[in-house]
Amino acid sequence: MPMSALNTAIAQPAQPLPLHAAPRGEYWIEPLEDGTHVLIRPLREDDRERERAFINRLSPEARHNRFLGEFREVAPSLLEQLMDVDDHDRVALVALAHVDGELLEVGISRYARVSDEKGEFAVTVADEWLRRGLGSVLLRHLIEAAKRNGIRGLYSIDSASNAGMRGLARRFGMQRRRDEDDPTQVVHKLAL
């Protein structure tokens, strides 16, 4: 079966999805712009060590862009917060790839519901996987999950110097404004 047909068959269930994020067993195999493929699926408890290693492998700049702060290694309390997903109000979709015989996390997208119809989101891609279209793939799947869960708008608070997020926001037609509380940050908003 051609890859595009496989993607459609996996991503388009025969029955309508219930009003929550991807069922635990749902996944997608997605081609990236350079021809490599990644597996996208909901984050699971058995991904805990993979998530910790992913964050620790990020460059200091990438960690700053994602968490708007500096740290050397992910703290247990932060890891606990990141692993706390329920597939409805707190959704995380992980991108996995085989690298040198090991299954590695190479990106993740997530949102947390902040009101009935609004969620704060983040997309993080491993430094060596940038500029392959992975951020767009992850965000597209996250938007679909958010819509299924009744979210009508997503926003993110980002470093004003985060060029990757600026490009992603432009591709998805997001509104951008300076953060009124911090001039070094911007807010990206997307109506769904």
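Do we find a residue being at pLDDT 95 or above and under 16 Å from residue 90 (Cα atoms) anywhere in segment 161-173?
no
Just to be sure before I move on: is residue 85 within 16 Å of the chain's Cα centre (by Cα), surrounded by 14 or more Cβ atoms within 10 Å (Cβ to Cβ) and among the β-branched types (Val, Ile, Thr) in the structure I sent?
Yes, satisfied.
Yes or no: segment 125-136 includes at least one residue that is within 16 Å of residue 55 (Cβ to Cβ), under 11 Å from the mean Cα position of the chain (by Cα), at pLDDT 95 or above and assigned to a strand (DSSP E or B).
Taking every residue of segment 125-136 in turn, at least one turns out to be within 16 Å of residue 55 (Cβ to Cβ), under 11 Å from the mean Cα position of the chain (by Cα), at pLDDT 95 or above and assigned to a strand (DSSP E or B).
For segment 33-121, which fully contained helices (runs of 4 or more DSSP H) count at least 3 residues that are under 27 Å from residue 190 (Cα atoms) and charged (D, E, K, R)?
Those helices (runs of 4 or more DSSP H) span 60-67.
From the list 70, 30, 80, 45, pick out the single residue that is among the charged types (D, E, K, R), within 26 Å of residue 131 (Cβ to Cβ), modelled with pLDDT of 50 or more and surrounded by fewer than 12 Cβ atoms within 10 Å (Cβ to Cβ).
The unique qualifying residue is 70.
Determine if segment 139-153 includes at least one residue that is touching a Gly at 6+ places or on another chain (Cβ under 9 Å) and farther than 14 Å from residue 112 by Cα.
no
Tally the residues that are at pLDDT 95 or above, surrounded by fewer than 20 Cβ atoms within 10 Å (Cβ to Cβ) and of a type in the set (Asp, Glu), restricting the search to segment 88-115.
Qualifying residue count, segment 88-115: 1.
The values are calculated or read from the model by the stated rules, or taken from the named source; none is laboratory data. Computed from a predicted structure; not experimentally measured. We place every Cβ from the backbone using ideal geometry, glycine too, and count neighbours over all the protein chains shown.
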